[in-house]
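The values are calculated or read from the model by the stated rules, or taken from the named source; none is laboratory data. No experiment lies behind these values; they were computed from the predicted model shown. Positions of Cβ are backbone-derived with ideal geometry, glycine not excepted, and every protein chain shown enters the neighbour counts. Note: accessible area is taken over every heavy atom of the protein model, side chains too, but ligands, DNA and RNA are not part of it. Shrake-Rupley method; radii C 1.70, N 1.55, O 1.52, S 1.80 Å.
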Amino acid sequence: MSPIDILIVGAGPAGCAAAYDLAEAGVQVLLLDRRSFPRHKACACGLTRKTLKALRYSVDPIVEHACEEIVLEAAAGDSAKLRLRDSKPIAAMAVRERFDAFCLEQTLAAGKNGGGVTFRRIDSIAALRETGDGIELDVLTGDDRETLRAGVLIGADGSNGQTRRLAAQLEAGRTEAVVTQPSEAAWYERGFALEATAPYAVLPAALPEGDGPKDLLFDFSPLPGGYGWLFPKGDHINIGVGAFAPGDGVAASKDAALKQVTRKLLADYTQRKLGVDLVQAGGPVTGQYLGMGGHAYAPRGRVLLVGDAAGLVDPLTGEGIHSAVVSGQAAAAAVLSTRAQGFAGIAESYAKKLTPLQETLAFSERAARSFYREPERGFRVMRTPMVGWLALKTYTDGLPVRFLRPMVRLAAWRSK
Ligand SMILES: Cc1cc2nc3c(=O)[nH]c(=O)nc-3n(C[C@H](O)[C@H](O)[C@H](O)COP(=O)(O)OP(=O)(O)OC[C@H]3O[C@@H](n4cnc5c(N)ncnc54)[C@H](O)[C@@H]3O)c2cc1C
């Protein structure tokens, strides 16, 4: 094997989670990203308990505060409000730029038994080939084009990344996949979300009506097939709108659903919820696609997709950091369990380790189709104490599908 065992493209939560576990198990990793860190990434950075549990290290140093209650709104007005509470904090609030920089720092410090992570900034990737015993990746930096070789490539380059598209070309039988060839994996779907921040200092009231300093607000009134949110941080509030639902039932097409998420929608929502306009709010408005459809992703060959690149965002909640971490760790585990055999069977090994997450996401997909068609009905169902509690547990701790199925049966019965 070459001095670099594993190549990872993308140093977000998915890439870092994979790199961390590999380094700790004695593997040499080259971690590539087209951005230097710290870097901005559009994200409300709500970290649920299951995310905090999955991470290999505490992120306390960058947590701004803990949220204790979820407020769900189906339409304007208190009667359509649902509050879900637990005895322990539901999610930690962080600023994404600081969260990612912290995770990368932990990852670069990881390494035992000769393992370690080297970070390198590149401009882009250009081409990918699978050889008999590994992969070759052509990368561009400035005027230089270089071929990097490794046993396995982990594609962690997010929703807009290239590794998924390159893997789709290899799967279609090409010997060399190139970024200039337009392609997309058949199973892949997208959501889209826009976010902005408003310092508490510019708000007319200390806190927006109906939201508290320790609440997470999900508001299903601004658009069909998605929600608006208010996630309070230390000195500002993160406000956003996003479309997540699978593309049928709520809009003529998935593209039509995504096109609803405009700067104007966010501006109107910010005005309504916070009483300020986006310009007053001061921060930049940023948006990004979210990778979905990954419950149907089947890994092949020596390219393992993780996180948003693998479409693993939850279509019901829009949460993606948990899946990114868990899938990154699953890819690392697949590398470790097959490296003694020269990575023979690595795709099958990864597929097996990814199955529990994919089952949960497939369940979420079905739930999202039903919920977003008629959120008010979902609210009625969640008012049943047991169902409300299970919904909260599923969001914050994650429950295996075998526990979720009875919940759906109960929900169907209740909504009749
Ligand atoms: C507005 C918004 C709000 C969100 N809020 C939440 C939330 O509150 N909680 C939550 O859990 N999830 C949230 N998500 C989803 C979450 O942001 C993603 O699921 C998560 O970031 C996925 O992590 P990742 O590591 O797979 O990809 P990313 O975090 O996108 O990281 C990918 C990395 O790859 C790099 N990259 C891309 N292309 C290339 C290339 N060609 N070459 C080299 N490097 C490349 C990028 O620079 C980036 O660093 C939100 C998403 C959006 C858009």
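Structure values in brief
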item: Filter result (out of contact with any Phe, Trp or Tyr (no Cβ under 8 Å at 6 or more places or on another chain), more than 20 Å from Ala193 (Cα to Cα) and crowded, with 16+ Cβ neighbours inside 10 Å) within segment 38-63; result: Pro38, Arg49, Lys50, Thr51, Leu52, Ala54, Leu55, Val63
item: Options Phe371, Phe363, Phe343: the member that is hydrophobic (A, V, I, L, M, F, W, C), within 26 Å of Arg300 (Cβ to Cβ) and at pLDDT below 95; result: Phe363
item: Strands (runs of 3 or more DSSP E) contained entirely in segment 1-95, each with at least 1 residues that are touching a helix residue (DSSP H, G or I) at 6+ places or on another chain (Cβ under 9 Å) and at pLDDT 95 or above; result: 6-9, 28-33, 46-48, 63-67, 91-94
item: Subset tally (residues that are assigned to a loop (DSSP other than H, G, I, E, B) and open to solvent by less than 40 Å² (accessible area, probe 1.4 Å)) for segment 132-168; result: 6
item: Any chance Lys112 is more than 30 Å from Thr175 (Cβ to Cβ), open to solvent by 20 Å² or more (accessible area, probe 1.4 Å) and outside the structural domain of Gly151 (by TED's automatic domain parsing); result: no
item: Members of segment 256-284 found to be in a loop (DSSP other than H, G, I, E, B) and either modelled with pLDDT under 95 or under 11 Å from Gly242 (Cβ atoms) (or both), listed by number; result: Gln260, Val261, Gly275, Val276, Asp277, Gly282, Gly283, Pro284
item: Some residue of segment 208-216 being part of a strand (DSSP E or B) and farther than 24 Å from His40 by Cβ; result: yes
item: Count of segment 108-126 residues which are within 12 Å of the ligand (Cβ to nearest atom), part of a strand (DSSP E or B) and of a type in the set (A, V, I, L, M); result: 2
item: Criterion: more than 9 Å from the ligand (Cβ to nearest atom) and in a loop (DSSP other than H, G, I, E, B) - qualifying residue of Leu312, Leu316; result: Leu316
item: Selection count, segment 198-213, where residues are at pLDDT 70 or above and either under 25 Å from Arg85 (Cα atoms) or not assigned by TED's automatic domain parsing to the domain that holds Arg83 (or both); result: 2
